Amino acid sequence: MDETNNCPAGGNSPRDERAEDYFTWKGGRTSVDFKGYIKNVRGVVKLSHSGILKDAAIADSLARSNPFIRKDLEAMEVELRELGLLPPKDRMQDSLEARPSTEDKMFGKSTRSLRDKRRIDELEQELAQVKLERNDAREAIRRYNMLEQYMSETMRLPR
């Protein structure tokens, strides 16, 4: 086992070779270099393992079964949490628990999430704004029609 990057030195199996490929691709990059792979998925901020593996040209299934790659990705997440780039694990759990479960759906309980409520509020505010703009446009059209009628009757501009 190679001490510098915790990957096997021999490369005896395809998994070992993929681990070597991964660590070669990773090179001297630090965890901070991977902050571009932090994604917000449905309100949960996490490190995109699949994005990293895609850029490293490694299949997700092979990486999941390879303990060297999996441990390195987990260690990277820990470092990013310590640096404050990822939320602490307990906050991530809280956001997952706030989601409606499938049991709630099965037993007919209300499953509208906080995100849906916020979106509805935003849409209601947008609708109110559009109605105000519509009323302003109607008033402008009414004034324009009055002005047009006056000009056609008198052939003069009002003062």
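Below, the figures for the structure above:
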| item | result |
| --- | --- |
| Checklist (1) surrounded by 10 or more Cβ atoms within 10 Å (Cβ to Cβ); (2) at pLDDT 85 or above applied to Asp104, failing item | (2) |
| Residues located in the range 53-80, provided they are over 21 Å from Glu20 (Cβ atoms), of a type in the set (A, V, I, L, M, F, W, C) and surrounded by 14 or more Cβ atoms within 10 Å (Cβ to Cβ) | Leu80 |
| Count of the range 50-88 residues which are outside any loop (DSSP other than H, G, I, E, B) and in contact with a helix residue (DSSP H, G or I) (Cβ under 6 Å, 6 or more places away or on another chain) | 13 |
| Odd one out for Ser65 among (1) at pLDDT below 80; (2) over 20 Å from the mean Cα position of the chain (by Cα); (3) assigned by TED's automatic domain parsing to the domain that holds Gly27 | (1) |
| Residues that are on the phi > 0 side of the Ramachandran plot and either of a type in the set (S, T, N, Q) or modelled with pLDDT of 75 or more (or both), drawn from the range 5-44 | Asn6, Gly27 |
| Top-ranked residue of the range 81-96 - restricted to ones that are surrounded by 13 or more Cβ atoms within 10 Å (Cβ to Cβ) and of a type in the set (A, V, I, L, M, F, W, C), ranked as modelled with the lowest pLDDT | Met92 |
| Options Arg99, Arg142, Arg115: the member that is farther than 28 Å from Arg42 by Cα, among the charged types (D, E, K, R) and either in a helix (DSSP H, G or I) or at pLDDT below 85 (or both) | Arg142 |
| Residues located in the range 35-66, provided they are over 30 Å from Arg118 (Cβ atoms) and either hydrophobic (A, V, I, L, M, F, W, C) or in contact with a Pro (Cβ under 7 Å, 6 or more places away or on another chain) (or both) | Ile52, Leu53, Ala56, Ala57, Ile58, Ala59, Leu62, Ala63 |
| Hits in the range 41-52 - residues which are over 13 Å from Phe23 (Cβ atoms) and either out of contact with any strand residue (DSSP E or B) (no Cβ under 9 Å at 6 or more places or on another chain) or of a type in the set (Phe, Trp, Tyr) (or both) | Val41, Arg42, Gly43, Val44, His49, Ser50 |
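The values are calculated or read from the model by the stated rules, or taken from the named source; none is laboratory data. Just so it is clear, the model here is predicted, and its values are computed rather than measured. Here Cβ is always computed from backbone atoms with ideal geometry, including for glycine, and neighbour counts include all displayed protein chains.
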